[in-house]
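Visitor: This is the structure, below, for whatever I ask next.
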Amino acid sequence: MESQQQPEFKDPNTPETTVALEPAPMSNFSPTSQSVQKGRWIFTQVYIFLSQLTQNLGRFWNDYKQLVISLALILVAFIALRVVFAVVDALNDIPLLAPTFQLIGIAYSIWFVSRYLLQESNRQELYQKFQSLLNQQ
């Protein structure tokens, strides 16, 4: 019975490992030894990939930092919007609360129109407030 030895792990950047990764002629192997050789090659490739993972992730972060942050902000905004819609929908399901919100909205709209839009002096005041708000940014 053959005893199998565990493969020895070496630094993937050494020339010996590079030579070991080159494909060997297939005619010298039996199907079992070919599959063992292929398994070792796959295992070595996975080992090399995992050993360089932190370097690759760091390089990816440096290259695409702005894009990743933008995508994360879009995702967070989408989730926040879904939560707000769920809360509003839950509040609308409470009896008498939805009509109360509608009455509050109608009353505020009437107050806003009568306060700022009916007279020209009040429209000028609203315009000045709006311009000062824009200039603060």
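The values are calculated or read from the model by the stated rules, or taken from the named source; none is laboratory data. Every value quoted in this text rests on a predicted model; they were computed, and no experiment measured them. All Cβ positions, glycine included, derive from the backbone under ideal geometry; neighbour counts span all protein chains shown. Calculation scope for accessible area: heavy atoms of the full protein, side chains included, ligands and nucleic acids excluded. Shrake-Rupley method; radii C 1.70, N 1.55, O 1.52, S 1.80 Å.
Visitor: Roughly how many percent of the accessible protein surface of the stretch 49-126 is carbon and sulfur, given a 1.4 Å probe and a whole-percent answer?
Guide: Its accessible area is 71 percent carbon and sulfur atoms.
Visitor: In addition: Using packing as a proxy for protection, rank 105-111, 44-50 so that the peptide with the highest average count of other Cβ atoms within 10 Å comes first.
Guide: Taking the mean over residues of other Cβ atoms within 10 Å, the ranking is 44-50, 105-111.
Visitor: Can you give me the Cα centroid spacing of the stretch 78-137 and the stretch 44-65 in angstrom?
Guide: If you average the Cα positions of each part, the centres end up 50 Å apart.
Visitor: Using every pair of alpha-carbon atoms in the stretch 42-131, split the distances into 10 Å bins beginning at 0 and state the percent of pairs per bin, rounded to integers.
Guide: 13, 16, 16, 22, 12, 10, 8, 3
Visitor: Give me a comma-separated list of calculated 3J(HN,Hα) values for the stretch 87-94, in order, Karplus coefficients 6.51, -1.76, 1.60 applied at θ = phi - 60°, integers in Hz, x for any Gly or Pro.
Guide: Using θ = phi - 60°, the values come out as 5, 5, 4, 5, 5, 5, 7, 6 Hz.
Visitor: Could you give the accessible area per residue of the stretch 81-130, probe 1.4 Å, as a whole number in Å²? Don't skip to the end; give the middle numbers.
Guide: Values: 4300 Å² over 50 residues.
Averaged over the residues of the stretch 81-130, the accessible area is 86 Å².
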